[in-house]
1. Could you tell me which numbered condition Glu78 fails, if it satisfies all but one of (1) surrounded by fewer than 18 Cβ atoms within 10 Å (Cβ to Cβ); (2) in contact (Cβ under 8 Å) with a residue 12 or more places away in the chain?
2. Tell me whether the stretch 96-113 contains one or more residues that are buried (at least 18 other Cβ atoms within 10 Å of the Cβ) and on the phi > 0 side of the Ramachandran plot.
3. Out of the stretch 81-107, which residues are in contact (Cβ under 8 Å) with a residue 60 or more places away in the chain and out of contact with any Asp or Glu (no Cβ under 6 Å at 6 or more places or on another chain)?
4. Restricted to the stretch 1-41, and to residues that are surrounded by 12 or more Cβ atoms within 10 Å (Cβ to Cβ) and of a type in the set (S, T, N, Q), which residue is farthest from Ala54 (Cα to Cα)?
5. Is it true that Arg116 is at pLDDT below 95, among the charged types (D, E, K, R) and over 22 Å from Met18 (Cβ atoms)?
6. Would you say Glu48 is at pLDDT 95 or above, charged (D, E, K, R) and part of a helix (DSSP H, G or I)?
7. For Ser38, are the conditions met, namely being part of a helix (DSSP H, G or I) and among the hydroxyl-bearing types (Ser, Thr, Tyr)?
Amino acid sequence: MALRDVSGAVDFTVLEAMTAGDDTIGEEVLGLFVQQASLWSPLLDVREEGWRDAVHTIRGAALGIGAGVLAESCAEAEGADKATASPLLDRVRTALDAALADVAAYRHALMLKSLRG
């Protein structure tokens with residue numbers, strides 16, 4: 001996994017601007033994003049009581065790292081009623097998977113960069 005594997009699901013210039021280019025802080029923020037995703041993604045199902053809270057939380061985390069498509073998908077799902085939310089939650093899960101793949105590639109590049117000194 002390397003930067004060449006980044007699909008564009010995350011615009012890392014947003015993260016870099018937020019962290020003033022500090023890779024240590026960037027890594028910490030990305031680690032928190034991954035944790036949030038693992039905590040909230042099981043709730044991305046209309047049968048779960050907290051599905052709306054999950055998309056709201058993931059949306060905020062996505063905005064913080066530059067995952068615009070994920071944030072937009074979350075906003076659409078959050079505004080939907082339960083009867084129409086299922087396909088929108090599918091889109092959230094797909095966008096989340098793409099963002100997580102980009103985050104993994106970027107974190108790998110950060111790790112390699114830190115090893116080089």
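The values are calculated or read from the model by the stated rules, or taken from the named source; none is laboratory data. Every value quoted in this text rests on a predicted model; they were computed, and no experiment measured them. Glycine gets a Cβ as well: all are built from the backbone with ideal geometry, and neighbour counts include every protein chain shown.
1. In the conditions (1) surrounded by fewer than 18 Cβ atoms within 10 Å (Cβ to Cβ); (2) in contact (Cβ under 8 Å) with a residue 12 or more places away in the chain, Glu78 misses (1) alone.
2. Scanning the stretch 96-113, I find no residue that is buried (at least 18 other Cβ atoms within 10 Å of the Cβ) and on the phi > 0 side of the Ramachandran plot, so the answer is no.
3. Once the filter is applied, which keeps residues that are in contact (Cβ under 8 Å) with a residue 60 or more places away in the chain and out of contact with any Asp or Glu (no Cβ under 6 Å at 6 or more places or on another chain), the stretch 81-107 yields Ala95, Ala98, Ala99, Leu100, Ala101, Asp102, Val103, Ala104, Tyr106, Arg107.
4. Thr19
5. So Arg116 passes the test.
6. no
7. yes
Residue by residue, here is whether (1) modelled with pLDDT under 95; (2) polar (S, T, N, Q); (3) assigned to a helix (DSSP H, G or I); (4) farther than 15 Å from Ala105 by Cβ holds:
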| site | (1), (2), (3), (4) |
| --- | --- |
| Ser7 | yes, yes, no, no |
| Val10 | no, no, no, no |
| Val29 | no, no, yes, yes |
| Val34 | no, no, yes, no |
| Val55 | no, no, yes, yes |
